[in-house]
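Structure first, commentary second.
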Amino acid sequence: MTIAVLSVASEAYPLVKTGGLADVVGALPAALAPHGVAVTTLLPGYPAVLATLRKPRALHRWNDLLGGPARLLTGTLDGTHPLLVLEAPRLFAREGGLYTDALGRDWDDNWHRFAALSRAAADLAAGAVRGRHFDILHAHDWQASFAATYLRYHPVETKAKSVVTIHNLAFQGRFDASVFPALGLPGEAWAIDGVEYYGGVGLLKGGLEAADAITTVSPTYAREIFEPAFGMGLEGLIAARGGRVHGIVNGIDPAVWNPAVDRALAARFTERSLGRRPANKRAVEIAFGLEPGDGPLFTVISRLTWQKGMDVLGECIDSLVAMGGRLALLGSGDAALEHAFRLAADRHPGRIGVRIGYDEPLSHLLQGGADAILIPSRFEPCGLTQLYGLAYGCVPVVARTGGLADTVIDANTAALDAGVATGIQFNHVAADALTTAIGRAVSLYADRERWAMVQRRGMRADFSWAKSGRRYASLYRELLSA
Ligand code: ADP
Ligand code: GLC
């Protein structure tokens, strides 16, 4: 029997993306299809999404979706996989970011925007839209997790089972108690095991209480979130619902991330033609105004935030240069960090190149041209840039946390001798530990044969969706047979 899944999220590649969430939501339909799962994706009707719809058809209308009209339009995510779009101009038709205005301030009504998305998803999952039936409602992060809450309180008898996936517990969708009446939930939902969260409303919290299963995007992060440092206030709930928490690691989409066919590269290559890779390195040097050098060329492709340890990287830049390294950094985020990296580039012309902004093709070129990618995250639910690095022979240097711990094999002596090393890990996200890790990369790089062995081993590692696709499919089946 084919399982019909409604996957609901606030972003999905290739239509709208601010981070890894989009990559994963965009990859799930193809990842799950081989396992007898048909995924339909539901997205908000942002202008960028509506613009891609060719001959949209209105499948359903709400006169009053949390206070106003809305329509459900049909389309495709990537030319192939089915897409539903919630058109509600009062909520989604605005200039600016997906979550913020042009100045980077959160929209005041984010609770309303994403509660409405969630409400629409729950209606679909409860069979309220004629001609559409779903067995599973799969909601991602706080912007969609409230769909599980609405489904829990939905009056119908037969409804889909719900799965909530945590991509990042730092973003919880926490709002003032005053929004509760406008959410359209029964009074009983205002409870400690409902949506009440430290005196306010918790959209993620409510979803996690309601979900039939909770997943997160790596086994290590699934264990870490039981601790206060990673649970960020939700560790008690996670512990109480512990039996329903599963860690399923993300894969990468081979149609988008494959150095053998990647059009964003100056030269395409495989593990057997690593000799072609330096053409990409030269293209990176030119793009970032870097002088050629004997030491490794590091890259960073990241949100510039505390989570990603970017302040710690800032402290290590002078030592990186002193050890003979160079750095090409692509990112955007906290203004203070952007400023600090610009200053570092001024201090080290030809050695440090910084591009503040978001540039998808350039991120591919960096993975295909830099020698190593630095990822000193304080926490990392999964992390995708280390996976792209592995696939592209760009050796990951990572903090040992979350998905970074699960996907990179540290090049210690035993791993090098056994030929299984794929990168470098370090323990504490602090300047001394990161500097030591950079130093280890510089020394390993000096031994070109060993370096190439580590590159090749990473390129051979299997980060396809095959295993994880099967795990999601069997989780759905378990829920449906329960
Ligand atoms: P997170 O979702 O926490 O930001 P991930 O590693 O899971 O971290 O995913 C980040 C995604 O965003 C990757 O696809 C990465 O290549 C991309 N990315 C991050 N910053 C940039 C940028 N400045 N330009 C282009 N792509 C970026
Ligand atoms: C979040 C996490 C990141 C993860 C991504 C996709 O943005 O920060 O670690 O890879 O979601 O699951």
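The values are calculated or read from the model by the stated rules, or taken from the named source; none is laboratory data. From a predicted model like this one, the values you see are computed outputs, not experimental measurements. Cβ placement follows ideal geometry from the backbone for every residue including glycine, while neighbour counts extend to all protein chains displayed. Surface areas here come from the heavy atoms of the whole protein model, side chains and all, with no ligands, DNA or RNA. Shrake-Rupley method; radii C 1.70, N 1.55, O 1.52, S 1.80 Å.
What do you reckon, is residue 127 in the same structural domain as residue 230 (by TED's automatic domain parsing) and farther than 30 Å from residue 228 by Cβ?
Working: in the same structural domain as residue 230 (by TED's automatic domain parsing): yes; farther than 30 Å from residue 228 by Cβ: yes.
Considered against the rule, which asks whether it is in the same structural domain as residue 230 (by TED's automatic domain parsing) and farther than 30 Å from residue 228 by Cβ, residue 127 comes out as yes.
For segment 340-372, the set of residues classified as among the hydrophobic types (A, V, I, L, M, F, W, C) and more than 10 Å from ligand 1 (Cβ to nearest atom) consists of 340, 341, 343, 344, 345, 352, 354, 365, 370, 372, listed by residue number.
For residue 248, the stated conditions hold: it is within 16 Å of ligand 2 (Cβ to nearest atom), under 26 Å from the mean Cα position of the chain (by Cα) and surrounded by fewer than 22 Cβ atoms within 10 Å (Cβ to Cβ).
Note on segment 1-15: among residues that are within 16 Å of the chain's Cα centre (by Cα) and open to solvent by 10 Å² or more (accessible area, probe 1.4 Å), the one that is farthest from residue 255 (Cα to Cα) is 15. Of the helices (runs of 4 or more DSSP H) entirely within segment 53-159, those holding at least 3 residues that are open to solvent by less than 10 Å² (accessible area, probe 1.4 Å) occupy 110-125, 141-152. Summed over segment 329-358, the residues that are open to solvent by less than 50 Å² (accessible area, probe 1.4 Å) and within 16 Å of ligand 2 (Cβ to nearest atom) give a count of 3. Note on segment 191-217: among residues that are within 15 Å of residue 245 (Cα to Cα) and surrounded by fewer than 24 Cβ atoms within 10 Å (Cβ to Cβ), the one that is farthest from ligand 2 (Cβ to nearest atom) is 212. For segment 389-431, name all the residues that are among the charged types (D, E, K, R) and without any contact (Cβ under 8 Å) to a residue 40 or more places away in the chain. Within segment 389-431, 400, 410, 417 qualify.
Taking segment 170-205 as the range and being part of a loop (DSSP other than H, G, I, E, B), under 18 Å from residue 10 (Cα atoms) and touching a Ser or Thr at 6+ places or on another chain (Cβ under 8 Å) as the test, only 173 passes. The residues listed here are 194, 251, 242; of these, the one that is in contact (Cβ under 8 Å) with a residue 12 or more places away in the chain, closer than 18 Å to residue 177 by Cβ and not hydrophobic (A, V, I, L, M, F, W, C) is 194.
Note on segment 349-377: residues that are over 20 Å from residue 439 (Cα atoms), under 17 Å from the mean Cα position of the chain (by Cα) and of a type outside the set (S, T, N, Q) amount to 4.
Here is a list: 477, 456. Which entry is over 29 Å from residue 371 (Cβ atoms), charged (D, E, K, R) and at pLDDT 95 or above? 477 is the lone residue from the list that is over 29 Å from residue 371 (Cβ atoms), charged (D, E, K, R) and at pLDDT 95 or above. Applying the criterion of being on the phi < 0 side of the Ramachandran plot and surrounded by 18 or more Cβ atoms within 10 Å (Cβ to Cβ) to the residues of segment 169-190, the residue that is nearest to ligand 2 (Cβ to nearest atom) is 169. Annotation: residue 25 fulfils all but one of (1) closer than 26 Å to residue 185 by Cα; (2) open to solvent by less than 60 Å² (accessible area, probe 1.4 Å); (3) in contact with a strand residue (DSSP E or B) (Cβ under 9 Å, 6 or more places away or on another chain); the unmet one is (1). Residue 39 - would you say it is surrounded by 24 or more Cβ atoms within 10 Å (Cβ to Cβ), within 22 Å of residue 160 (Cα to Cα) and touching a residue at least 24 places away in the same chain (Cβ under 8 Å)? Against the criterion (surrounded by 24 or more Cβ atoms within 10 Å (Cβ to Cβ), within 22 Å of residue 160 (Cα to Cα) and touching a residue at least 24 places away in the same chain (Cβ under 8 Å)), residue 39 does not qualify. For segment 461-482, the set of residues classified as open to solvent by 50 Å² or more (accessible area, probe 1.4 Å) and in a helix (DSSP H, G or I) consists of 467, 470, 471, 474, 477, 478, 480, 481, listed by residue number. Could you identify the single residue in 248, 252 that is hydrophobic (A, V, I, L, M, F, W, C) and touching a strand residue (DSSP E or B) at 6+ places or on another chain (Cβ under 7 Å)? After ruling out the rest, the residue left standing is 248.
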